[in-house]
Amino acid sequence: MHYFRKRGWELGDGAATPEAVFRTRRQLVKALAAGPVLAAAPVLLTACDGKESSNAANGATASAADPSAHLYPVMRNLRYRVDGPLTEERHATTYNNFYEYGTSKYISQDAQQLRIRPWTVKIEGAVEKPFEIGIDDLLKKMPLEERVYRFRCVEAWGMTVPWSGFALKALVDLAKPLSKAKYVRMETFGDSSLAPGLRQPFFPWPYVEGLSMAEATNELSFIATGLYGKPIPKQNGAPLRLVAPWKYGFKNVKSIVRISFDEERPKTFWEKMGPAEYGFWANVNPEVAHPRWSQAHENVLGENRRAPTVIYNGYGEYVAGLYKGMENESLFK
Ligand code: MTE
């Protein structure tokens, strides 16, 4: 690589935040803001410290005006259980990664600029017939349920949250892909009038992620349209985002406008940014360190505790079989 730049959600050399600095979320933010991320990438980061109280006071949760508000809460699917408590809503909704709004974790207020109606999702590529569908029509067609999933960011923090939404498989079935479709490519909006970060030319916008067809139709793959029994807040990826809980958080593309069924593996946002560090598969594995920090443990968001990381984030029984015979692939970065 001829250049090297750290991203805002990365921890620096010296590993993921030591336990001592993870006492509270405020301390964590201070540690990140003052740490090597800032030193290495001053052009990319704005100071985030000091915004916490105004964000917390504002709440910045789903707007009461959201026309889908009446759909929630939905019935929890008890097949997916997680030991331990849920992360408090205020943590999950005010500590975010959404680079379209900047590289700070504290973008929840800025993300309120996002306009989520009208919102159309384009379905295209190798499908019987490409089409567009408005989010409210899509919500009417999809079987909504709630799932509590663990979430593990590549930065070595984790949380447990109740997503509402529907199995990605239901959307794949609606799309009617052709047999030549091998991958599902998902893209975030690229309209810079909705998010100032999109004017940052350094980033390879729009944000793109993808799954293989086998992954997309695995029962765990989920499209979240709600969080904590309400419409999903803008900062968490309204009105719809991917949740693939056995993968690092960056796979979970937010605010999707385009879903394409492709024969070729899509090049993702982070593969373009740092191919030596971020691959396509990005399955959670405590044994495979990030080049600059260990993945063996994670800091539990909002709690004064570290927990050992588990392969596939604890979802191996559902997904390990997807990767048989792929030992030569970089499955864990
Ligand atoms: N999607 C878009 N469009 N833009 C982003 O910057 N960040 C990713 C992912 N999806 C990101 C995105 C990363 S790095 C993480 S860890 C998760 O969103 C964070 O999701 P959360 O803010 O809901 O916790």
Mind listing the long-range amide H neighbours of Trp157? Cut-off is under 5 Å, sequence gap 5 or more, other chains count too, H placed in the peptide plane at 1.01 Å from N. Asn299
For a quick check: with amide H placed at 1.01 Å from N, whose amide H comes under 5 Å from Val257's, ignoring anything fewer than 5 positions away on the same chain? Glu187, Thr188, Phe189
Karplus 3J(HN,Hα) series, Hz, for the range 165-175 with 6.51 cos²θ - 1.76 cosθ + 1.60 (x for Gly, Pro): x, 8, 5, 4, 4, 5, 6, 4, 4, 5, 6
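Sort Val184, Val257 by heavy-atom solvent-accessible area, probe 1.4 angstrom, most to least.
Listed by decreasing accessible area, they come as Val257, Val184.
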Accessible surface of Glu132 - all protein chains present, 1.4 Å probe, nearest 10 Å²: 110
Between their Cα atoms, which of Lys230/Lys272; Lys105/Lys182; Lys140/Lys272; Lys180/Lys234; Lys176/Lys267 are more than 31 Å away from each other? Lys230/Lys272; Lys105/Lys182; Lys140/Lys272; Lys180/Lys234
Calculate the spin-label point distance for Ser330 paired with Asp83, positioning each point 7 Å from the Cα along the beta-carbon direction, and give it in nanometres. 3.3
Under 19 Å from a point 7 Å along the Cα-to-Cβ line of Ala276: which residues of the range 307-333 have their amide N that close? 330-333
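At a Förster radius of 30 Å, what calculated FRET efficiency corresponds to the Cβ-Cβ distance of Ala69 and Arg199, to the nearest 0.05?
In this case the efficiency is close to 0.45.
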Would you calculate the separation in nanometres between label points at Met213 and Lys267, each defined as 7 Å from the Cα along the Cα-to-beta-carbon direction? 2.4
Vicinal HN-Hα couplings computed from phi for the range 281-293 (Karplus, 6.51 cos²θ - 1.76 cosθ + 1.60; Hz; Gly/Pro x): 7, 6, 7, 5, 8, x, 7, 9, 6, 5, x, 10, 6
Express in nm, to one decimal, how much length is gained between Arg292 and Ala320 on full extension, taking 0.36 nm for each residue of separation and deducting their alpha carbon distance. 7.5 nm
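The values are calculated or read from the model by the stated rules, or taken from the named source; none is laboratory data. Keep in mind it's a predicted model, so treat the numbers as computed, not measured. Using ideal geometry, Cβ is built from the backbone for each residue, glycine included, and neighbour counts are taken over all protein chains shown. For accessibility, only protein heavy atoms count, side chains too; no ligands or nucleic acids. Shrake-Rupley method; radii C 1.70, N 1.55, O 1.52, S 1.80 Å.
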